[in-house]
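Asker: Handing you a structure now.
Derivation of every value follows stated rules applied to the coordinates shown; laboratory data play no part. For clarity, every value in this text was computed on a predicted model and none was experimentally measured. Glycine gets a Cβ as well: all are built from the backbone with ideal geometry, and neighbour counts include every protein chain shown.
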Amino acid sequence: MNPALLIKMTENDKRVIIALLFIVIIIFVLIGVIGSIMIRTMKWQGKKCDTLVSDVVTNHIVTTPHQLRKYAAKKNIRQFIKQAWIGILIIIVGVATILIRNAIVKDWTYDPFNTTNGFGTLLFTWDFSDPEIYATFFGKWKVISDWPKLANQPHFAVEAIWSYIYVPCVVVGGTWYMIAAQAYLARTIRAIKLSKKVFEKSLDNFDQNTPTPPTNNQPVQQ
Amino acid sequence: MVDLLKAFGRGILYVILCPFFLVVLALFAVIGLLAFVFQLFKSIFYFFTGQKFFPELPEDKQLRLKREAEEAARNPQPQPQQQAPIQNQQTNNVFEEIYNEQPKAAPVVTPMREPETVEQACFQEEVKPEPAPAPAPAPAPMPEPEPESEPASNELLSDENADDAPLADFLDPFNDQPVMRDESNEILEVYKPRGNNDSFDADEYEDDTDSGVDIRFDD
């Protein structure tokens, strides 16, 4: 008999395993739902590519898939710059703020996320280094099994004002920029799909043996 | 339950593909950042050269020209009205008048030939005018030249014996020959030109005049 099957689990161990299994399933389901939303969002973002290239395609200025991809790449990068410059500007403002602070204080080792004079002063912070909150499973695995102690409560610190500007600017600007980059990626994928689809020729409904219907100019042969 | 399982399966798939997606997304983010910086430097150049931030792509230019051509074909532009010529402007400047004067066609001058015979002069035989010279290019607006004087009258004035020749009252309207009339308006005679006799013919002047200096030579 396999020794792994001979492991005797207590009732508490079984409950923990079932709970962990449910958590894992929920996590994967959430990831699947989030992924589906992202794909749907990227399809919606990619529709912008149709607007950018439709005029030259419908007017037969672009006539080959290579030309379409090349033209779409130029238009996409321009659209990306139009969308992303605000995010980049916000990031530049945040970085400039923290650089000014460091230049004034002459402290270039400053961590803007610390809990003493950084942005962490505004967040709840728990002490995960306390060994009492962990339990040992199967004699060797340490799993958290209790609420950690609260290390910091949100409070306002004047000396952390620079980080209050820097962190939101970087987070907002970075998110803005990454959404613009995601849209850029979505438009590029859409352009590749369009270059294959627009110039596609299909013979699905064509039958060469079917006689061509006579036109008005040709007399019907009987 | 089936949807939950589908979402669970997608979740596993997305977890596997997530690193690749993140790598591609980071790649596009870096490419976008480089393009942004490159465009920033280009925009500085465009600013000082007076161009747009995003210059027109060749395909967009073709499209614009095509649309303009279609628009022009659909709505043709009305022809601009010709400016009315300036006429009858009161001015005291002679040069301005000459400048503003409309160019006229060159006057056609048909010089008349002298009748060669007496019958031609007396019975008004038709004298064919000399063929008109080839029309010269229209000259600049100049004061209208006076028509060439009649050859008969010129002959009268240029004749060496102008003192002997009778003065013409007016020109015959049919053959432009000088006509002599009396007080009762009767035609006395028609002047007979002598032609271009440069030589001195004594017989011709034998009984011609009663006055003047006789310069005939005796044989």
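Asker: Could you tell me which of the residues B:Phe47, B:Phe38 is more than 9 Å from chain A (Cβ to nearest Cβ), in a helix (DSSP H, G or I), out of contact with any Gly (no Cβ under 6 Å at 6 or more places or on another chain) and under 14 Å from A:Ile77 (Cβ atoms)? Talk me through it step by step, then tell me what you get.
Answerer: Values: B:Phe47 fails: under 14 Å from A:Ile77 (Cβ atoms).
Checking each option against the conditions leaves just B:Phe38.
Asker: When you scan the range A:76-90, how many residues do you find that are touching a residue at least 40 places away in the same chain (Cβ under 8 Å) and over 22 Å from A:Val171 (Cβ atoms)? Please lay out each step first, then the result.
Answerer: First, the residues of the range A:76-90 that are touching a residue at least 40 places away in the same chain (Cβ under 8 Å): A:76-77, A:79-80, A:83-84, A:86-90.
When the remaining residues are screened for being over 22 Å from A:Val171 (Cβ atoms), the result is A:76-77, A:79.
Residues flagged as touching a residue at least 40 places away in the same chain (Cβ under 8 Å) and over 22 Å from A:Val171 (Cβ atoms) within the range A:76-90 amount to 3.
Asker: Then there's this: Within the range A:96-113, does at least one residue satisfy the condition of being more than 23 Å from A:His155 (Cβ to Cβ), not in a helix (DSSP H, G or I) and not β-branched (Val, Ile, Thr)?
Answerer: Among the residues of the range A:96-113, at least one is more than 23 Å from A:His155 (Cβ to Cβ), not in a helix (DSSP H, G or I) and not β-branched (Val, Ile, Thr), which makes the answer yes.
Asker: Another question, if that's okay. Restricted to the range A:142-165, and to residues that are among the aromatic types (Phe, Trp, Tyr) and under 20 Å from A:Phe124 (Cβ atoms), which residue is surrounded by the most Cβ atoms within 10 Å (Cβ to Cβ)?
Answerer: Step one: list which residues in the range A:142-165 are among the aromatic types (Phe, Trp, Tyr), which gives A:147, A:156, A:162, A:164.
Filter again for under 20 Å from A:Phe124 (Cβ atoms), leaving A:147, A:156, A:164.
Numbers: A:Trp147: 8, A:Phe156: 9, A:Tyr164: 18.
Ranking the qualifying residues of the range A:142-165, first place goes to A:Tyr164.
Asker: Just give me the residues in the range A:44-80 being within 10 Å of chain B (Cβ to nearest Cβ), touching a Lys or Arg at 6+ places or on another chain (Cβ under 8 Å) and exposed (fewer than 15 other Cβ atoms within 10 Å of the Cβ), in sequence order.
Answerer: A:Asn59
Asker: Of all residues in the range A:10-43 being closer than 30 Å to A:Gly139 by Cβ and of a type in the set (D, E, K, R), which is surrounded by the most Cβ atoms within 10 Å (Cβ to Cβ)? Please lay out each step first, then the result.
Answerer: So the first thing to find is which residues in the range A:10-43 are closer than 30 Å to A:Gly139 by Cβ, and the list is A:10-28.
Those left that are additionally of a type in the set (D, E, K, R): A:11, A:13-15.
On the way: A:Glu11: 7, A:Asp13: 13, A:Lys14: 10, A:Arg15: 11.
Among residues in the range A:10-43 that are closer than 30 Å to A:Gly139 by Cβ and of a type in the set (D, E, K, R), the one surrounded by the most Cβ atoms within 10 Å (Cβ to Cβ) is A:Asp13.
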